[in-house]
Structure formats: structure tokens, C-alpha cells
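Working notes for the structure below.
Bear in mind that the values in this text are calculations on the coordinates, not laboratory data. Quick caveat, the model's predicted, so the values are computed rather than measured. Neighbour counts are summed over all protein chains in view; Cβ atoms, including those assigned to glycine, are modelled from backbone coordinates with ideal geometry.
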Amino acid sequence: MLSKRASLVPLLALIASLAPACGGSAPPEAKACTTMGCGSQGVDIAFTYREAGTYVFEVTVDGEKTTCRVSLPLEPRFSNACDRVDVTLGLIGSELPAEQQSIQNLMIQTTRAEIVHVRATRDGALLGDKTIRLAYQVTPGPNGPDCEPKECKSATATFP
């Protein structure tokens, strides 16, 4: 006695052979999109400070103000010094000797902001006060034109 599986094979072959004749077509190829993201996307404002002291960065992004406070030398395992999670300071070397530590760059997770204003002080002395009009570089997304993200946007500037 034939198994059910063996008896279905000829029937399936017949259906497959008749499909094109009946106006059917092969199924379209599905586009395979990866979960790869843009990587470095957003705003990066470059600077480096190494001198000991208490730093305050007042950052205004399209009218919305954020304050970042940090002291050098850094505390071990110090996390974000800013009062918003989408604005971060690069705190380098918290586990290193004090002379190897630094504050490097301000990163802002936005691709829509047009203007950023940064005012920075160390121990109350002004380090810089600058308004930056952002110019984004737009590159194709990493997964091709049929997948998200379709484009990646980033902007860079220097301070002060």
C-alpha cells in the first residue's frame, strides 16, 4: 500500500505543470532586508578638553535646552553627564590615570535639527559660545533602495 505522501507527489506535479497554462505565474522573489542600520547617524560636534575642572555644556537643539555637567578627572564608570538621553558627551578614559582622561565630542541623536547652540564653561570660565547651522550629509541606506533605512543622515561641526 502506498503512503499518502507518495500518492500526493503525482498530483502536485500535475498542478504545478498546469499553473502557467492557467494564467498563473511564479511567485515574485521576496526582497530580503537585513536589520543593518546606518551606524553613525546624527550630529557630532568635535572638541577635546583635558584640563582638570568642572565643565558645563549648555546645548540648545532647535530651541530645546539640555545641560551636561562633568568634572575631570572622571569618576570610574561614569555614565551620561547630560540631562537628556539623546545628547551625550564622549567621556574618555574613566579607568585611566587622570592625565589620560578627556571630554571629547558632543553627540546628538537627531537627523532633523537645523540649529544647535553650544555654550561651554570650565570652572565658570567661558570656553566657547557658538551657534551652528547643521548641514547633513545624506547617503544611501545600507540595505539598498527597497529596504529601510532608505537613507542615512549625519552632520559634523567643530566647537568652539
With θ set to phi - 60°, apply the Karplus curve 6.51 cos²θ - 1.76 cosθ + 1.60 along region 145-160 and write out the HN-Hα couplings as whole Hz, x wherever there is a Gly or Pro. x, 9, 10, 8, x, 6, 8, 10, 10, 8, 9, 10, 7, 10, 9, x
Could you tell me which trypsin sites (Lys or Arg not before Pro) in region 84-130 are loop residues by DSSP with no more than 13 other beta carbons within 10 angstrom of their beta carbon? ARG112
Lys, Arg +1 and Asp, Glu -1 on Cβ, resulting dipole of region 48-158 about Cα centre, debye, nearest 20: 180 debye
Order by protection proxy (mean Cβ within 10 Å, highest first), peptides 50-59, 90-99: 50-59, 90-99
Go through region 110-119 residue by residue and turn each phi into a ³J(HN,Hα) via Karplus (6.51, -1.76, 1.60, θ = phi - 60°); whole Hz please, and just put x for glycine and proline. 8, 10, 10, 4, 9, 10, 10, 10, 10, 10
